[in-house]
Every structure is written in C-alpha cells, then in structure tokens.
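As structure tokens, the structure follows; a few thoughts come after it.
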Number of protein chains: 2
Amino acid sequence: MTSDKGSQNSADSQRRQERLRHSGLRNTRPRRHVLQVLAVAEQPLSSREIHSRMGAEACDLVTVYRCLADFERVGLVQRHEFGDSNARFELNDQTGHHRHYVVCRVCHGKEPMDVCPPHWLEEELRARGYSDISHSMEFFAVCPHCRDDSHPGAPQRQ
Amino acid sequence: MTSDKGSQNSADSQRRQERLRHSGLRNTRPRRHVLQVLAVAEQPLSSREIHSRMGAEACDLVTVYRCLADFERVGLVQRHEFGDSNARFELNDQTGHHRHYVVCRVCHGKEPMDVCPPHWLEEELRARGYSDISHSMEFFAVCPHCRDDSHPGAPQRQ
DNA sequence: ATGTATGCAAAGAGTTTGCAAATGG
DNA sequence: CCATTTGCAAACTCTTTGCATACAT
C-alpha cells in the first residue's frame, strides 16, 4: 500500500540532502520534510497541500512557504500557476527537466504533457538580448472522462 | 498629448459597445469605462491598475472585478498570470487572437511575443479526447535594458 | 416591469513580515 | 559562535460574497 511512485527510500533521501547542501541551503528538518513530500507527490502541490501531507510532524505553514521560496530561487522546484490563485510546486530533476500540464476544467485533474516546445523560443529571446530565461505553459480543457460523464462523480484528482 | 496607441475615438467606442451587446451583457457605464481603459492599455492590466486608470469617475473596485469576470466568460478579454499573484487582463481582438509575453524579472516590463506555438499541441490534445481547450504561456527573463544597466533606474514599465 | 448590474461593507483565502528563540555548520 | 532558519502572531493583498439600491432593456 506504500506508494512507490516517487522516491522515498534512504538513498533518495541522501540525494535530496546532497542537493540541499549543494544549493547553499542548510540541511534542516523542515526542508528535508518538504522535499520528501514533493518527492512522492504524483502532481504539483500547493503550500497548504504540502503542509497537510506532512502529518503530525509538520512544521509551521509559514516555514513551508519559506522553504518553497528558497527552493524555487535555487532551482530545486518549479512553480505552476493553474489559475485558481494557488501556486503549486513540483520537484525539478537534476537535469533541470520540468513539466507542463493539462488541467481539467471540471475535475481539476492534472495530466503531464511531456513536451516542451517553447525552448526554441527561449533561443530566440536569447538572440534578442534576454538572459536568465524561463517560461510557464499550462493547458486547460475538459478531459475525456468528464466530457463523457455529463454528471461526473468525484473528481479524478483535485 | 492624447495617446493614439489604442482605440479611444468614438467609432471604436461604438464597436466596443457593439461587442458588449453581442455578448449578451448590458451596456453599462462601468463596463464601457473598463473596456475603454483596456482599449488604450499598452499591456495587460490588473483589476487595481484598471481601477486606478479610471480616474475620478471610477466605479467601485468590486465592479471592475465583476466586469472582468464577465468579460472573460464571454471571451472579450484574456487573463494572464505573470506569477505575482495578480491576474492581468487584456482585450481580445475580434478574431480571437491572443498574446503571450516576456516579463522582465527586474523592471517587470511586458513585451508581447507575437507567436503561439502551442496550437498544434491543442490539436494533439483534441485527438486524445480533450475538448474546450485553451492554454497559458509566459516567459520570464532579464530584458536587454536591465541586463546592461546593473543599476536600472526607474522600471521601464511596471 | 423585471431581471441584471452596482455600491458598500465585510468576509475569505493565500501569502508575507517582524521578531525572538532555536539550530546548523 | 554566528549566520541562518524556525515558530508564532499579526498584517497585507487580492478576490469574493451578501444584500439593498439603481439601472438597462
């Protein structure tokens, strides 16, 4: 029953702490905990969602906000804006790879797209003198499941 | 001294009121005023920015929010999320054309990109059974001006 | 006339800030 | 040791809601 989608064994934990140290951030319990929650998340999570998943041992919600701000600054996480004024975050992998999602307008499920076309546009921007370039891109649609069910039951994923 | 960037002559005003009526929305003074501000805006504006630009004759800020919600619902405006948790809006043209921007990390200036590569991705999503598809895409970077000035003066555009 | 839209007040929600105490390297 | 980080409380900002009044058609 334990999720094996993400990485939550000791070796992965070591690797995350390695990335923390390498980023110049101190290796604290709240930060390890936030990283661990993100590591096993099946989709981007908001600060509150992360805090909830930390359970009884949770640090203060404010600390989650501060961790995420730091993680974003050093490139450990990517921020997503899915339009519900709720910033969501996901762990970047070591290669700097990141994802874009389709968000269902009905069930709010989030499906990764696994493509990233704007990269050549970043090249063009670089040629125009821009530096330190990144981008956001999300899709919004009614997913096949919700289109068929006119009266969808419980949302697939929130 | 009057800006002629946007459309604020009487003919354009007529055309905007036409679009209002055609959308099934009542032709009220606050709505005309919000549309007029958007029509002459050189970049997407937040509710508060719109309200400020309405000057002494401004309607209530709440009404601006409601206008924008209505306008978005009927497709008159496009919403942008530039990452500062401040929704910004711009007028769509009649063809449904919309824009994507580069936002400078330093001066927060917004430059339109005039390209829209995700359209073929929407096709792919359609093929996978998704419907009612739209997307968001924004770029973030340090603009040439701010890269050169290590100590930028006043932000170019906010 | 009648449903729609507005203004005002107040609430809701996410996020940020100040500061003293705790902690990591 | 000392700079960084945390917790707690409170503030701040954007946005939404309730309801009586005003307005468009």
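The values are calculated or read from the model by the stated rules, or taken from the named source; none is laboratory data. Computed from a prediction, not measured in an experiment: that's the story for all the values here. As a convention, Cβ positions derive from the backbone with ideal geometry for all residues, glycine included, and neighbour counts pool all protein chains shown. Heavy atoms of the whole protein, side chains included, go into the accessibility calculation; ligands, DNA and RNA do not. Shrake-Rupley method; radii C 1.70, N 1.55, O 1.52, S 1.80 Å.
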Among (1) within 11 Å of DNA strand D (Cβ to nearest atom); (2) open to solvent by less than 40 Å² (accessible area, probe 1.4 Å), which single condition is B:V77 missing?
(1)
For the range A:112-149, enumerate the residues that are closer than 23 Å to B:C146 by Cβ, open to solvent by 80 Å² or more (accessible area, probe 1.4 Å) and assigned to a helix (DSSP H, G or I).
A:H119, A:E123, A:R126, A:A127
Yes/no for A:R73 being farther than 22 Å from A:H97 by Cα and among the charged types (D, E, K, R)
no
Scan the range A:53-69 for residues that are more than 14 Å from chain B (Cβ to nearest Cβ), within 11 Å of DNA strand C (Cβ to nearest atom) and open to solvent by 60 Å² or more (accessible area, probe 1.4 Å) and jot them down.
A:D60, A:V62, A:R66
